[in-house]
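The values are calculated or read from the model by the stated rules, or taken from the named source; none is laboratory data. Source: prediction; values computed, not measured. Note that we place each Cβ from the backbone using ideal geometry, even for glycine, and neighbour counts take in every protein chain shown.
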Amino acid sequence: MTTLRIIYILWLREIKRYYRARSRIVGSLAQPVLFLVALGYGLGPVFNKAGQGNYINFLVPGVIGMSIIFTAIFSGVAVIWDRQFGFLRETLVAPVSRLSIMAGRTLGGATVATGQGIVVFFIAFLIGFRPAGWFGFIPAVFVMFLIAILFTALGTGIAARMKDIQGFQLIMNFLVMPVVFLSNAFFPLKGLPPALNIVVAANPFSYGVDALRGFLSGATHFAVGIDIAVLAATAVVFLVIGGYLFSTIEA
């Protein structure tokens, strides 16, 4: 019961911490809105003339995934912040395993990131996005949560090895931008050069976006079953790695 209580407390704390920072909420929504408007309207006519259909319907799942990955992976900053202010030391001396602490933090960060994706989904309606059907919304939320778990675990694991917030932000930007742009978030995979196709196929984020696109827009490149299997397997791997890194953390 003590372990479950610690997980619940840390989960709730991560959610409260995020939603108390109003400027952070506005800032985290500004980027996906910019991408939706600039790319959606800017490249929409070109995409349509190329015979690919409605670009906004194609783009929205990618932007949702992008907003989730940014929020999820940057939740690792909280680990460094807590180390600097002494809260991490107090948490680590609790009579529970460090894996439980990591689980609570990861669930909290993933919940916030999933909520962010849901908000972007509804904002997308203002620029003309229409889902293929509402029956896909619930499984799409599940996919959002898998993406969030994967990258929250990654961010937490990396943060466990760092003590400088600025250094963490630089590493995350260097990691996140290639993950987002070397995926199928903004462009279809048909007709890509073979080398780029390999890179995109090796990127787990590509499968998350593809699953979202399948549930929300009704079009996939791989298959939804493959997408979810790859996402789930990668999430487990990242949770194991992140758990190990966090278990060796020093306050």
Which listed residue is buried (at least 20 other Cβ atoms within 10 Å of the Cβ) and either in contact with a Ser or Thr (Cβ under 9 Å, 6 or more places away or on another chain) or over 22 Å from Leu107 (Cβ atoms) (or both), from Leu154, Leu170, Leu239: Leu239
So, first residue closer than 22 Å to Val176 by Cβ in the stretch 205-229, second residue surrounded by 23 or more Cβ atoms within 10 Å (Cβ to Cβ) and hydroxyl-bearing (Ser, Thr, Tyr), Cβ within less than 6 Å, six or more apart or across chains; the pairs are Phe205/Ser183; Ser206/Ser183; Val209/Ser183; Asp227/Tyr207
If we ask which residues in the stretch 98-143 are outside any helix (DSSP H, G or I), touching a helix residue (DSSP H, G or I) at 6+ places or on another chain (Cβ under 6 Å) and surrounded by fewer than 17 Cβ atoms within 10 Å (Cβ to Cβ), their number turns out to be 2
Just wondering, is there one or more residues in the stretch 181-196 that are in contact with a His (Cβ under 8 Å, 6 or more places away or on another chain), surrounded by 20 or more Cβ atoms within 10 Å (Cβ to Cβ) and closer than 29 Å to Pro45 by Cβ? yes
Residue ranges of helices (runs of 4 or more DSSP H) in the stretch 1-95 with at least 3 members more than 30 Å from Gly128 (Cβ to Cβ) and modelled with pLDDT under 80: 2-20, 77-85, 87-92
Which one of these does Val120 not meet: (1) farther than 19 Å from Phe35 by Cα; (2) at pLDDT 85 or above? (1)
